[in-house]
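Here's the structure we're looking at; comments come further down.
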Amino acid sequence: MAWSIAEVARMSGVTSRTLRHYDEIGLLPPAWTGSNGHRYYQEAELLRLQQILLMRELDLGLREIQAVLDSQVDRLAALREHHRRLLAERDRLETLARTVGRTITELEEGRGTSDMATINRPENLFEGFETGHHDDEARERWPEQWEQSRRAIAGMAPGEMERWQREATAQMIRMAEFMVAGTPVSDPAVQAEVDTHYRNLCRMWTPCAAAYKGLGQTYADDPRFRANFDSIAVGLAAYQRDAMAVYADARLS
């Protein structure tokens with residue numbers, strides 16, 4: 001079964017003009033183009049469009065999205081990971097909604113008294129918020145580096161952090177391309193990419209060999225870090241960890 005560009009626009013909420021642009025840049029070509037110039041899409045294109053929209057929700061740029069899609073070898077695994085992340089975010093937002101709703105109820109019931117006196121369990125005020133436990137752990141394990149990072153962030157100009165984060169995402173994509181191609185983590189090209197990662201990290205803090213290997217292990221072990229990497233390509237977190245360990249042993253020890 002095939003759908004015209006107008007039907008896809010109506011189903012997805014993406015304008016026909018945007019769909020044509022996606023075709024022009026090679027992000028979402030139609031299944032075929034009729035003799036009249038009309039574009040037609042099949043199920044594979046609709047699934048690709050869904051992934052594009054999912055990654056747009058994650059604030060990835062079109063060039064980055066195309067690199068991610070082109071590097072994926074298991075579309076079903078990628079969709080499962082997107083689904084898992086969306087469910088986790090849904091659950092977090094539902095918890096936040098309950099937290100705020102409960103606070104509203106208790107404050108309304110306690111009108112006429114001190115606001116905080118009406119909160120029976122103050123810890124409930126903070127249920128569902130993402131806390132900075134990774135920041136606390138880093139401060140405890142590497143206090144000097146943590147302070148260096150804190151000062152670097154404070155000194156960043158507006159927009160500089162966003163650029164740094166986008167560079168990090170682009171680098172993750174390049175590492176994913178190496179992984180999908182089967183390139184060993186010890187390959188000079190991979191290690192050159194890890195060197196770029198390390199130098200970018202040094203703009204924030206300067207990890208020693210143990211700290212850099214520990215960071216790589218955190219990427220692979222912590223569910224939220226791992227999800228960030230594996231949303232680019234499944235298995236990327238472990239690949240990044242192994243590449244960082246080789247770099248640390250060779251360059252930082």
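Counting only other residues whose beta carbon sits under 13 Å from that of residue 195, what net charge do I get with K and R as +1, D and E as -1?
Values: positive: 174, 199, 251; negative: 187, 193.
Local charge sum for residue 195: +1.
Kindly rank 235-246, 197-208, 28-39 from highest to lowest mean number of other beta carbons found within 10 Å of each residue.
In descending order of packing, they fall as 235-246, 197-208, 28-39.
Give the Rg (one decimal place) followed by the Dmax (whole number) of region 16-75, computed from C-alpha coordinates and expressed in Å.
So, for region 16-75, Rg and Dmax equal 11.8, 37 Å respectively.
Heavy-atom accessible area of residue 16 with all protein chains present, probe 1.4 Å, nearest 10 Å²?
Per-residue accessible area (residue 16): approximately 30 Å².
The values are calculated or read from the model by the stated rules, or taken from the named source; none is laboratory data. None of the values given here were measured: they were computed from a predicted structure. Virtual Cβ from ideal backbone geometry, glycine too; neighbours counted across all protein chains shown. Heads up: the accessible areas ignore ligands, DNA and RNA and are worked out on the full protein's heavy atoms, side chains in. Shrake-Rupley method; radii C 1.70, N 1.55, O 1.52, S 1.80 Å.
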